[in-house]
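Structure first, then comments.
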Amino acid sequence: MPSLGADMQAGILSEWCKKPGDPVKSGDIIAVVETDKGAIEVEVYSTGTMGRILVAEGEKVPVGTVLALIEEGRSAAPTPPAAAPPPPIVQDLAASRPIVQAPAPPPAVQAPAPPPVVQAPAAPPPPSSVPAPAEPTSAPLSSPPQIHASPAARHRARELEIDLAGVTGSGRHGDVVRSDVDLAAAGRVHPGPTAPPTAAPAPGPTPAPPDAAPPTTPQSPGTPTASIRRAIASAMARSNREIPHYYLSLGIDLRQALAWLGARNAARPVEGRVLPAALLLHAVAHTLPQFPELNGTWSDDAFHPAPTVNLGVAIALRSGGLVNPCIHDAASLDLDATMSGLADLVSRARAGRLRASELGEGTITVTNLGDLGVDETYGVIYPPQVALVGFGRIAPQPVAVDDMLAVHPVVRMTLAADHRASDGHRGGMFLSAVARFLQEIA
Amino acid sequence: MTPLRAHIAAALSPVAPEADLGTVDPRAPLRPQLDLDSMDFLRLLAGLKQRLGIDIPEGDYGKVATLDALEAYLTARGAGLGAQSEGADGAHP
């Protein structure tokens, strides 16, 4: 079970995309897991044959648990766990070694924590449920036909040992959302109109009809929103608690860069055009290698510089909340590849089909609120990263050119950085270097 | 809904599934009404090109800012004449 962020402790294996005996190659999607951040695709990092599956669909296991074995090479011989322990499918697992080496036959051994994951009354996922993420909500992935509940609601129901079948849903299409479970739990403990911790849209303890979905407010604790909100809350609270931020800002004259980009786009069909947002990402990615103290992670009281720039991009979801998947090794990409990487991330983020490696491996994050018209943004670092770059809108601003006043398009770039890992001096040099990159690209 | 508007709605739907053109003021800027960022807008244009074969060049973005303007622009460029030429149109003004 891959870690998809510092705050993730467990995930639910909602679907296997490969079965034992299937050939797999590096990069294949082999499973879908359900987390606070929605449904996430798990990739495999080696090539071979799908071996034994150790975690059944519907099972919840802690981060680090081996999900399945991959038999490397092409030997069709079904050599089970014996000799060399096959590599774990996920690199990023803390507790892997002991688990892999113990060739204990029953998969039940995998879960050191809560042995039988039974309480879930909503357990058996349809074996062949085809994920059809037409809408940004991806909750239905593993939903059994009868009970529609968000991942967060299921999670919460397990925590509180609530039977989802008895919970009235208030989400879209009557889906059970987390606050419904809280409400049900509150009713169980002390019946009465005690306000649940979250904003309570329900006016009183009325036992609403089973499938009337009262759309109090369209943005009420919607299915994916509630769980994403919770993930954001925990990461951001931790950031402000633990990270001593410092903030810097620089206005960058984009006249030449945008003129260059405009001329380049004019000759291209719509699919080939590059947005200014991608140009800014490109500039950050290509400048960062000179500033390793901004690109990496802080853990165990030490900074760990990252070997590549895995550029996290904060993407707002239309249903509310945001995710920040990354573009791997962005410093190696040219401008067009950066643009297609960004377009791909945005469309998959909104369709709820991100991959595990994209969510867990970012080394810095960029947030661009320019389309909203804000001038600048001072971000909150996404732990365990150590820096967050913000861009505001590109707007005409008075600038001094030689001794004259001119009006040029200007963007305000900000840096929020972890003072444990870097100092303002280097942070300032980084901003200047990005500005230079953009002014010289033309 | 006019056939052209139906095409626009269809091109919009993968980008902003919850968007409803029926609630849009056709004479006011489209993007803020539907909360479309620059990437969303680009994807909308790509969808329109796929359906109508009309590629709206970047220099013309200012001419398609409202729903009415977008329809007028597409009509002037030949949409709705029955011809669904597949990507035949270039980026000439």
**Prompt:** Among the listed residues A:V309, A:V346, which satisfies the condition of being in a helix (DSSP H, G or I) and touching a residue at least 12 places away in the same chain (Cβ under 8 Å)?
**Reply:** A:V346
**Request:** Scan segment B:1-25 for residues that are open to solvent by 30 Å² or more (accessible area, probe 1.4 Å), within 14 Å of another protein chain (Cβ to nearest Cβ) and in contact (Cβ under 8 Å) with a residue 24 or more places away in the chain and report the count.
**Result:** 2
**Message:** So for segment A:384-396 (the condition being without any contact (Cβ under 8 Å) to a residue 40 or more places away in the chain, in a helix (DSSP H, G or I) and surrounded by 23 or more Cβ atoms within 10 Å (Cβ to Cβ)), does at least one residue qualify?
**Reply:** no
**Asked** Of the residues that make up segment A:284-293, is at least one assigned by TED's automatic domain parsing to the domain that holds A:D418, in contact with a Gly (Cβ under 9 Å, 6 or more places away or on another chain), free of Cβ contacts under 8 Å to residues at least 24 places away in the same chain and part of a helix (DSSP H, G or I)?
**Response** no
**Item:** Residue check, A:A356 closer than 27 Å to A:G262 by Cα and either surrounded by fewer than 21 Cβ atoms within 10 Å (Cβ to Cβ) or assigned by TED's automatic domain parsing to the domain that holds A:G379 (or both)
**Value:** no
**Prompt:** Restricting attention to segment A:257-270, which residues are part of a helix (DSSP H, G or I) and surrounded by 15 or more Cβ atoms within 10 Å (Cβ to Cβ)?
**Reply:** A:A257, A:L258, A:W260, A:L261, A:R264, A:N265, A:V270
**Prompt:** So A:L359 fits all but one of (1) in a strand (DSSP E or B); (2) among the hydrophobic types (A, V, I, L, M, F, W, C); (3) more than 14 Å from chain B (Cβ to nearest Cβ); (4) touching a residue at least 24 places away in the same chain (Cβ under 8 Å); what number is the exception?
**Reply:** (1)
**Flag for A:A233 being within 14 Å of chain B (Cβ to nearest Cβ) and at pLDDT below 95** = no
**Message:** Based on this model, can you work out whether A:G370 counts as more than 20 Å from the chain's Cα centre (by Cα), buried (at least 20 other Cβ atoms within 10 Å of the Cβ), assigned by TED's automatic domain parsing to the domain that holds A:A277 and more than 15 Å from A:Y247 (Cβ to Cβ)?
**Reply:** yes
**Complete:** (1) open to solvent by 10 Å² or more (accessible area, probe 1.4 Å); (2) over 26 Å from A:S319 (Cα atoms); (3) within 12 Å of chain A (Cβ to nearest Cβ) all hold for B:D35 apart from (2)
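The values are calculated or read from the model by the stated rules, or taken from the named source; none is laboratory data. The structure presented is a predicted model; accordingly, all values stated were derived computationally and were not measured. In this analysis, Cβ positions are derived from the backbone assuming ideal geometry, glycine residues included, and neighbour counts consider all displayed protein chains. Note: areas computed on protein heavy atoms with side chains; ligands, DNA, RNA excluded. Shrake-Rupley method; radii C 1.70, N 1.55, O 1.52, S 1.80 Å.
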